[in-house]
Amino acid sequence: MQTFIKRPLKVTLFLYALFHFITTLFSNELLLLFMAISGIAFFIFTSIHLSIPKFKLPFTIFVISFIVMLTAKMDILHTLQNGAIEMRHIIGLLIVVPLISYVLQEEPYIEDVMGLFYRFINTGKKFYFTLLTFTQIIAYFLLFGSITMMYQFVQMVLHEKTSENWEYFKGTALLRAFGLSTLWVVSIPSFVYAVETLNASLWLSILQGFIFAICGSFLAMIFMSIRMKRANIDVTTELQLELQTLLKTAASHEVQVKKTMEFSLLFVSLFGTIFLLHGLFHFQLMVLIPLVIIGWMFFFYVWKGKLRKFFVVIKDYASNKVVGQSYQLSLMIAVGVLINTLHGTNFSTNFIKGLHAIQAAFPFINFLYILPFIVILLGFCGLGPLTVMVLVAGILQSMPLPYPPELMVLAITSGSAISIFISPIVMPVIVLSASNGLGMLTNGIKFNWKFALSFYVMIQLYIQVMYQFVY
């Protein structure tokens, strides 16, 4: 049964993506209808493929939407049609972004970069900060897959260090780094969606997010230093012994230089092309990024003299890997239906009235204080960073809120980052726990709640000062 269902599942997903890219260039009502039908069919086939017990969250969201439609006496077919294509751009982005991982796996870039800069990572603080920085860069290519890849690298260096304090050292660097990447990395779908939906400035959103990613990295390093000092662990001495052993089998200096330059060129070319085309032609980010990624991959394999492998990679991804995205993509369809349903009710009006009532009762509190907590709360309900971002930003889009969009982006993304730091049931924490064998509560709340609280205070100081005195 599962094998039989995979074929129509792939076909409906392919049709959805095809109609999406065609109608992005040439708008056509009939093709939009076909895209909506293929989206609903894909949702149904995915629910059969995964079974309802494994499909609880998308199914629950869909049922809630249906109940609201019935209660509000809405046109169900029309609402479903519009809802199925509400998240079309984010779905297109999610289909294409994982392809980047194939490029990064072509060469041992991480090992060669770290080997080249050995002298700059030979103390505990330097190594920890490097992990924080490099994981964010790798997240640009691999999203939360960067946690698994970087954990494997750290294990190469510290494979004999398995105590809880050493796992704190490894795990918090990677989890905090990925959380911080959601503040500024343009290939992270949740960040792109927030910027695009709230009509914020891309360069300003990236700049302020990048600054706080750096500040958050230093804050994380301070918390790590305090923890390891209390545990009476000399990280630097232990680290240097392990690094010296590892370097005996490292590539030559010339190879390390070459691979480091290649990796730098890959990063700059992908990031720079997206930023340049968006700045010059004002293309929609969620349309531009997938197109740039495909073109960037094509030129990479041409440059490497492996053009045939480009088509092999695309075929392998379409045949074997894209099915792994079916849950996330179906979740986006369900969230799209819910957002479209709520837009047809008085939800936005009542929400604004509720905000005014809160501010009347507590004049010193504005919505920018509360917004991160909404995202965090939804994260503890099992909604991942992307799902939360799509849901919250999609709802806020229709509300006339008196706040600068860049500050709203920072407030939402900071809530998403904190959710990643502490929620035990979001995918990054689950992935980390699968790698290091510790419980999700340990990797999340136990290791990170103090850091998360400090990070929230730091972000809010900036947001409130900017809102009160600059905007």
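Side notes on the structure shown:
- Taken over segment 293-306, the criterion of being in contact with a Phe, Trp or Tyr (Cβ under 9 Å, 6 or more places away or on another chain) and surrounded by 12 or more Cβ atoms within 10 Å (Cβ to Cβ) is satisfied by Met297, Phe298, Phe300, Tyr301, Lys306.
- Of the criteria (1) surrounded by fewer than 21 Cβ atoms within 10 Å (Cβ to Cβ); (2) modelled with pLDDT of 90 or more, which one Gly83 fails: (1)
- Looking only at segment 107-133, and only at residues there that are among the aromatic types (Phe, Trp, Tyr) and at pLDDT below 90, the one that is farthest from His253 (Cα to Cα): Phe120
- Set Met221, Met286, Met297: member being of a type outside the set (Asp, Glu) and under 30 Å from Ser163 (Cβ atoms): Met221
- Apart from one condition, Leu70 fits all of (1) farther than 23 Å from Ala417 by Cβ; (2) crowded, with 18+ Cβ neighbours inside 10 Å; (3) modelled with pLDDT of 90 or more; the exception is (2).
- Flag if Glu107 is farther than 30 Å from Phe218 by Cβ, buried (at least 19 other Cβ atoms within 10 Å of the Cβ), among the acidic types (Asp, Glu) and in contact with a helix residue (DSSP H, G or I) (Cβ under 8 Å, 6 or more places away or on another chain): no
- Single residue of Gly272, Gly305 found to be free of Cβ contacts under 8 Å to residues at least 12 places away in the same chain and under 20 Å from the mean Cα position of the chain (by Cα): Gly272
- Segments classed as helices (runs of 4 or more DSSP H), wholly inside segment 1-108, with at least 3 members that are among the polar types (S, T, N, Q): 2-25, 29-50, 56-71, 76-84
- If you go through segment 110-140 and keep only what is touching a residue at least 60 places away in the same chain (Cβ under 8 Å), under 22 Å from the mean Cα position of the chain (by Cα) and closer than 19 Å to Gln256 by Cβ, you end up with Thr133, Ile137.
- Boolean, Ala411 is out of contact with any Ser or Thr (no Cβ under 9 Å at 6 or more places or on another chain) and surrounded by fewer than 16 Cβ atoms within 10 Å (Cβ to Cβ): no
- Pairs meeting the criteria (first residue in segment 41-67 and free of Cβ contacts under 8 Å to residues at least 40 places away in the same chain, second residue among the aromatic types (Phe, Trp, Tyr) and assigned to a helix (DSSP H, G or I), beta carbons under 7 Å, at least 6 apart or on different chains) are Ile52/Phe59.
Let's see how each residue does on (1) surrounded by 15 or more Cβ atoms within 10 Å (Cβ to Cβ); (2) farther than 18 Å from Gln136 by Cα; (3) touching a Pro at 6+ places or on another chain (Cβ under 9 Å):
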residue	(1), (2), (3)
Val192	yes, no, no
Ala213	yes, no, no
Ser217	yes, no, no
Arg227	yes, yes, no
Ala231	no, yes, no
Val235	yes, yes, no
Leu241	no, yes, no
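- Residue, modelled with the lowest pLDDT, within segment 423-446, restricted to residues that are out of contact with any Pro (no Cβ under 6 Å at 6 or more places or on another chain), over 23 Å from Tyr327 (Cα atoms) and assigned to a helix (DSSP H, G or I): Asn436
- Trp449 satisfies every condition listed in (1) modelled with pLDDT of 85 or more; (2) buried (at least 16 other Cβ atoms within 10 Å of the Cβ); (3) more than 19 Å from Gln155 (Cα to Cα); (4) under 21 Å from the mean Cα position of the chain (by Cα) except (2).
- Flag if Ala173 is without any contact (Cβ under 8 Å) to a residue 60 or more places away in the chain and under 30 Å from Asp234 (Cβ atoms): yes
- Some residue of segment 258-270 being modelled with pLDDT of 90 or more, of a type outside the set (D, E, K, R) and on the phi > 0 side of the Ramachandran plot: no
- Filter result for Gln240 (in contact (Cβ under 8 Å) with a residue 24 or more places away in the chain, out of contact with any helix residue (DSSP H, G or I) (no Cβ under 8 Å at 6 or more places or on another chain) and either assigned to a helix (DSSP H, G or I) or at negative phi (or both)): yes
The values are calculated or read from the model by the stated rules, or taken from the named source; none is laboratory data. Only a predicted model underlies this, so the values are computations on that prediction, with no experimental measurement involved. FYI the Cβ positions are ideal-geometry reconstructions off the backbone, even for glycines, and counts take in every protein chain you see.
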